[in-house]
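> Handing you a structure now.
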Amino acid sequence: MRQQPLIVGAGPAGTAAAITLAHGGAPPVVLERARETGDAICGGFVSWRTIRTLEQLGIEADALNPARITRVRVFAGGRRSEAPLPHAALAVSRHRLDTVMQRRAEALGATIERGVAVRAIDRRRVTTADGASIEPDALLLASGKHDVRGSARPADARGHDPALGLRVRLPACAHLHALVGDAIELHLFDRGYCGIVLQEDGSANACMAVHRSRLHEAGSPDALLHAIAAEAPALADRLGFVGSGGWGAIDAIANVPYGWRTAETTAGVFRLGDQAAVIPSLAGEGIGIAVASGLSSARALLTGGPEESIAWQRGFACTVAAPVRNAGLVWSLAEQRWSAPLLPLLARIPGALGLVAAATRVPVFERSAA
Ligand SMILES: Cc1cc2nc3c(=O)[nH]c(=O)nc-3n(C[C@H](O)[C@H](O)[C@H](O)COP(=O)(O)OP(=O)(O)OC[C@H]3O[C@@H](n4cnc5c(N)ncnc54)[C@H](O)[C@@H]3O)c2cc1C
């Protein structure tokens, strides 16, 4: 390649691409707006298929969290059910996942320039916040949840009542440990859900997706959490372990365009992760899509060059079409009052969970891809 590939964003998609490119002899430059690796709003559930794709990138599951998640527990409309996952998964904070992936990329020769925000993109031309302009042969857009001017996802992809992501951190505590254990818990309520898992440091991540209309009705994130807790007693039990500071730090992200995906791009520009497709987070497969897109786009670039972006984007959109559509169906059943209470019953049917899980996963990208 004539020039170093340029990647915007050092989340799972950008770092998966950086690892693959560096490993393939084309170490990229990654521009990351954050100076320090943060802890993005994310449930942190990593599926068994994503674990295998991460292994292709040289990232061992135990480096993220030696504990495994083996069960799903579903709460809705006063019902509760529990079923084994088809395969073991894991939960990891995004701080840990991003740190491990960034270190791997740098160890292989990628350069991560931190504190550099990209302000605008015009085809392959990138303008940074300090006014610098770069036009690489290949641009990999991995800015995730955040759109960049000139390449933003369409506003109408958010729908008339967009989803918000909310996250509450629950400190490590023996009671919570006993309640949640090795399960991923899904608490379903009117127009939203909350997923709870224990992370690598024993703390719990309670991450919700909820429609904006509920926030409008409640008036504030704090009031919304109280309203949700009142209708979901088991969730209220867990949120009760928030600590003496109360729900002071509720992290939020607005307008998540669940269900959006694109097959369109321009020559030399690869759109990765949430900039390629946004799977409803209830499925716990967004990191899977991010890592798969980073790995497979980088392989396409290494083998076919920058012009390969158009065919790759079209192919990747096809690959994720069914999981995104199926996850959308599950999410719409889970968020409605009439159908949500049926899901704990469904989870009890032997094999049903395995079918749903398989229908909402992206394929594993095997070793030849890295
Ligand atoms: C509520 C909620 C819960 C979720 N739970 C799960 C889950 O349990 N499991 C799962 O697999 N997925 C989950 N997801 C989805 C998952 O978080 C995303 O799909 C995943 O983070 C996408 O990775 P990414 O690399 O594309 O983007 P991101 O993780 O958003 O990373 C993008 C990176 O780009 C940087 N950046 C952004 N803009 C710029 C810019 N202009 N210039 C330079 N750098 C920039 C950011 O700082 C960041 O480091 C959840 C999402 C939500 C909203």
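> Counting only residues that are hydrophobic (A, V, I, L, M, F, W, C) and within 23 Å of residue 23 (Cβ to Cβ), how many does the range 254-309 have? Show your work before the answer.
Within the range 254-309, the subset hydrophobic (A, V, I, L, M, F, W, C) is 254, 256, 260, 263, 267, 269-270, 272, 276-279, 282-283, 287, 289-292, 295, 298, 300-302.
The next check asks that each one be within 23 Å of residue 23 (Cβ to Cβ); those that pass are 269-270, 272, 276, 287, 289-292, 295, 298, 300-302.
Matching residues across the range 254-309 total 14.
> Here's something else I'd like to know. When the residues of the range 123-149 are narrowed to those that are within 11 Å of the ligand (Cβ to nearest atom) and more than 22 Å from the chain's Cα centre (by Cα), which ends up nearest to residue 273 (Cα to Cα)? Before the answer, list the steps.
Quick first cut of the range 123-149, residues within 11 Å of the ligand (Cβ to nearest atom) only: 126-129, 140-149.
Adding the requirement that they be more than 22 Å from the chain's Cα centre (by Cα) leaves 126-129.
Numbers: 126: 19, 127: 21, 128: 21, 129: 23 Å.
The residue in question is 126.
> Take the conditions touching a strand residue (DSSP E or B) at 6+ places or on another chain (Cβ under 7 Å) and touching a residue at least 12 places away in the same chain (Cβ under 8 Å) and apply them to residue 114. Does it pass?
On the way: touching a strand residue (DSSP E or B) at 6+ places or on another chain (Cβ under 7 Å): yes; touching a residue at least 12 places away in the same chain (Cβ under 8 Å): yes.
So residue 114 fits the description; yes.
> Please identify the pairs in which a residue from the range 193-204 that is closer than 18 Å to residue 282 by Cβ has its Cβ atom under 8 Å from the Cβ atom of a residue that is open to solvent by less than 20 Å² (accessible area, probe 1.4 Å) and part of a loop (DSSP other than H, G, I, E, B), counting only partners at least 6 apart or on another chain.
So the pair list comes out as 194/232; 195/284; 197/44.
> For the range 69-163, which strands (runs of 3 or more DSSP E) that fit wholly inside it have 3 or more residues that are open to solvent by 30 Å² or more (accessible area, probe 1.4 Å)? So that I can check it myself, show each step before the final result.
On the way: elements: 69-76, 79-91, 111-114, 118-122, 125-128, 139-141.
Per the criteria, 79-91, 111-114.
> Scanning the range 10-33 for residues that are farther than 19 Å from residue 59 by Cα and open to solvent by 10 Å² or more (accessible area, probe 1.4 Å), which turns out farthest from the ligand (Cβ to nearest atom)?
Across the range 10-33, the extreme among qualifying residues is 26.
> For residue 234, work out the one condition from (1) hydrophobic (A, V, I, L, M, F, W, C); (2) in a helix (DSSP H, G or I); (3) assigned by TED's automatic domain parsing to the domain that holds residue 324 it doesn't fulfil.
Among (1) hydrophobic (A, V, I, L, M, F, W, C); (2) in a helix (DSSP H, G or I); (3) assigned by TED's automatic domain parsing to the domain that holds residue 324, residue 234 violates only (3).
> Out of curiosity, is residue 202 under 25 Å from residue 67 (Cα atoms), of a type outside the set (D, E, K, R) and out of contact with any strand residue (DSSP E or B) (no Cβ under 7 Å at 6 or more places or on another chain)? I'd like the intermediate steps shown before the answer.
Numbers: under 25 Å from residue 67 (Cα atoms): yes; of a type outside the set (D, E, K, R): yes; out of contact with any strand residue (DSSP E or B) (no Cβ under 7 Å at 6 or more places or on another chain): yes.
Against the criterion (under 25 Å from residue 67 (Cα atoms), of a type outside the set (D, E, K, R) and out of contact with any strand residue (DSSP E or B) (no Cβ under 7 Å at 6 or more places or on another chain)), residue 202 qualifies.
> Please identify the pairs in which a residue from the range 40-55 that is under 17 Å from residue 251 (Cβ atoms) has its Cβ atom under 6 Å from the Cβ atom of a residue that is within 11 Å of the ligand (Cβ to nearest atom) and part of a helix (DSSP H, G or I), counting only partners at least 6 apart or on another chain.
If the second residue must be within 11 Å of the ligand (Cβ to nearest atom) and part of a helix (DSSP H, G or I), the pairs left are 40/94; 42/94.
> With the range 309-370 as the region, which helices (runs of 4 or more DSSP H) entirely inside it contain at least 1 residues that are in the same structural domain as residue 18 (by TED's automatic domain parsing), in contact (Cβ under 8 Å) with a residue 24 or more places away in the chain and open to solvent by 20 Å² or more (accessible area, probe 1.4 Å)? Walk me through how you get there before you give the answer.
On the way: elements: 309-334, 342-348, 352-359.
Hits in the range 309-370: 309-334.
> Hey, another quick one. Between a first residue in the range 17-34 that is closer than 16 Å to residue 290 by Cβ and assigned by TED's automatic domain parsing to the domain that holds residue 146 and a second residue that is more than 14 Å from the ligand (Cβ to nearest atom) and of a type in the set (D, E, K, R), which pairs have beta carbons less than 7 Å apart while being 6 or more apart in sequence or on different chains?
19/104; 20/299
> For the range 34-50, name all the residues that are in contact with a strand residue (DSSP E or B) (Cβ under 7 Å, 6 or more places away or on another chain) and either among the basic types (Lys, Arg) or surrounded by fewer than 24 Cβ atoms within 10 Å (Cβ to Cβ) (or both). So that I can check it myself, show each step before the final result.
Going through the range 34-50, the residues in contact with a strand residue (DSSP E or B) (Cβ under 7 Å, 6 or more places away or on another chain) turn out to be 34-35, 41-48.
Listed by number, the residues that qualify are 34, 35, 41, 48.
> Condition check: farther than 30 Å from residue 29 by Cβ, under 23 Å from the mean Cα position of the chain (by Cα) and surrounded by fewer than 22 Cβ atoms within 10 Å (Cβ to Cβ). Does residue 222 satisfy that?
On the way: farther than 30 Å from residue 29 by Cβ: yes; under 23 Å from the mean Cα position of the chain (by Cα): no; surrounded by fewer than 22 Cβ atoms within 10 Å (Cβ to Cβ): yes.
Taking the combined requirement at face value, the residue does not satisfy it.
> Looking for something among the charged types (D, E, K, R), open to solvent by 30 Å² or more (accessible area, probe 1.4 Å), in contact with a helix residue (DSSP H, G or I) (Cβ under 9 Å, 6 or more places away or on another chain) and away from the ligand (no atom under 12 Å from the Cβ) - is there at least one such residue anywhere in the range 264-271?
Within the range 264-271 (the criterion being among the charged types (D, E, K, R), open to solvent by 30 Å² or more (accessible area, probe 1.4 Å), in contact with a helix residue (DSSP H, G or I) (Cβ under 9 Å, 6 or more places away or on another chain) and away from the ligand (no atom under 12 Å from the Cβ)), the answer is yes, since at least one residue qualifies.
> Report whether or not residue 130 is of a type in the set (D, E, K, R), free of Cβ contacts under 8 Å to residues at least 24 places away in the same chain and out of contact with any Ser or Thr (no Cβ under 7 Å at 6 or more places or on another chain).
Details: of a type in the set (D, E, K, R): yes; free of Cβ contacts under 8 Å to residues at least 24 places away in the same chain: yes; out of contact with any Ser or Thr (no Cβ under 7 Å at 6 or more places or on another chain): yes.
In short, yes.
The values are calculated or read from the model by the stated rules, or taken from the named source; none is laboratory data. If you're wondering where the values come from, they're calculated on a predicted model, not measured in any experiment. Note that each Cβ is placed from the backbone with ideal geometry, even for glycine, and that neighbours are counted across all protein chains shown. With ligands, DNA and RNA removed, areas are computed over all heavy atoms of the protein, side chains included. Shrake-Rupley method; radii C 1.70, N 1.55, O 1.52, S 1.80 Å.
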